[in-house]
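Notes for the one structure printed next.
The values are calculated or read from the model by the stated rules, or taken from the named source; none is laboratory data. Not measured: the values here are computed from a predicted model. As a convention, Cβ positions derive from the backbone with ideal geometry for all residues, glycine included, and neighbour counts pool all protein chains shown. Note: areas computed on protein heavy atoms with side chains; ligands, DNA, RNA excluded. Shrake-Rupley method; radii C 1.70, N 1.55, O 1.52, S 1.80 Å.
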Amino acid sequence: MTSPARQRILDTATRLFYTEGVRAVGIDRIIAEAGVAKATFYHHFPAKDELVTAYVEDQGQRQRALADELPEGPGRERLLALFERMGEFGSMPGYRGCPFINAAAEYPDRSHPVRKAVAAFRGWFRDLMLSLLKEARHPTPDETADILMIVRDGVAVGFDLDDPAVVRASIRETVTRVLGPAEELS
């Protein structure tokens, strides 16, 4: 059970980290906007890096919950639905890139806990795609899961850098080409 103060801190940090960047937001601002005492903040998060790690882990949990809502059906259709959901999210006002890619860019050391949390999410996402590819009886599930990770990253960055309508319009075609002919997959 998460305390209300901890949740307020995490919610405030999530909003600020996502919209402004991790390094750009200081602890004092998070404390002020969350409406908690400094001692309360440090009770829950002894260091900013622990808060950032919690933020990344929380984003991962939210993504897992969204994946749990994928429609039932063949693996191919579920993969397409997964990428279409990315398209919906990336087209929303206020989209400022992928929180995992953004956090990783601010923490270049792969052994840092923030990067480990990013890697854990990415591992889970790749495993999800691999599972759906195997379910669809794709002939090269491992290699295709790796390619779909690259597509995922390109889509996430593309929505931030390019015209979201163009990126969204190309998602289904891109994933369909990676997957191959529909007749091969169920």
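As a summary of the residue check, Pro74 satisfies the conditions (1) within 26 Å of Ala145 (Cβ to Cβ); (2) open to solvent by 20 Å² or more (accessible area, probe 1.4 Å); (3) at pLDDT 95 or above except for the one numbered (3). Every condition in (1) among the hydrophobic types (A, V, I, L, M, F, W, C); (2) surrounded by fewer than 14 Cβ atoms within 10 Å (Cβ to Cβ); (3) in a helix (DSSP H, G or I) holds for Met92 except the one numbered (3). Just one of the numbered conditions (1) of a type in the set (D, E, K, R); (2) over 18 Å from Pro164 (Cα atoms); (3) surrounded by 12 or more Cβ atoms within 10 Å (Cβ to Cβ) is not true of Arg85: (2). When you check Asp49 against the structure, is it open to solvent by 10 Å² or more (accessible area, probe 1.4 Å), of a type in the set (D, E, K, R), touching a Leu at 6+ places or on another chain (Cβ under 7 Å) and touching a residue at least 24 places away in the same chain (Cβ under 8 Å), yes or no? So Asp49 does not fit the description; no. Which one is surrounded by the most Cβ atoms within 10 Å (Cβ to Cβ), of the residues in the stretch 95-119 that are in a loop (DSSP other than H, G, I, E, B) and over 11 Å from the mean Cα position of the chain (by Cα)? The extreme case among them is Tyr107.
Checked against (1) of a type outside the set (A, V, I, L, M); (2) out of contact with any Ser or Thr (no Cβ under 6 Å at 6 or more places or on another chain); (3) open to solvent by less than 20 Å² (accessible area, probe 1.4 Å); (4) closer than 17 Å to Asn102 by Cα, Phe41 passes all but a single condition, namely (4). Within the stretch 154-168, residues that are open to solvent by 70 Å² or more (accessible area, probe 1.4 Å) sit with their Cβ atoms under 7 Å from residues that are assigned to a helix (DSSP H, G or I), at 6+ positions apart or across chains, in these pairs: Arg168/Gly87; Arg168/Gly90. So in the stretch 90-123, with the set limited to residues that are free of Cβ contacts under 8 Å to residues at least 12 places away in the same chain and of a type in the set (A, V, I, L, M, F, W, C), which one is nearest to Leu133 (Cα to Cα)? This residue is Ala119.
Residue pairs whose Cβ atoms lie under 7 Å apart, separated by 6 or more positions or on different chains, with the first residue in the stretch 126-149 and in a helix (DSSP H, G or I) and the second of a type in the set (Ser, Thr, Tyr), are Leu133/Thr144.
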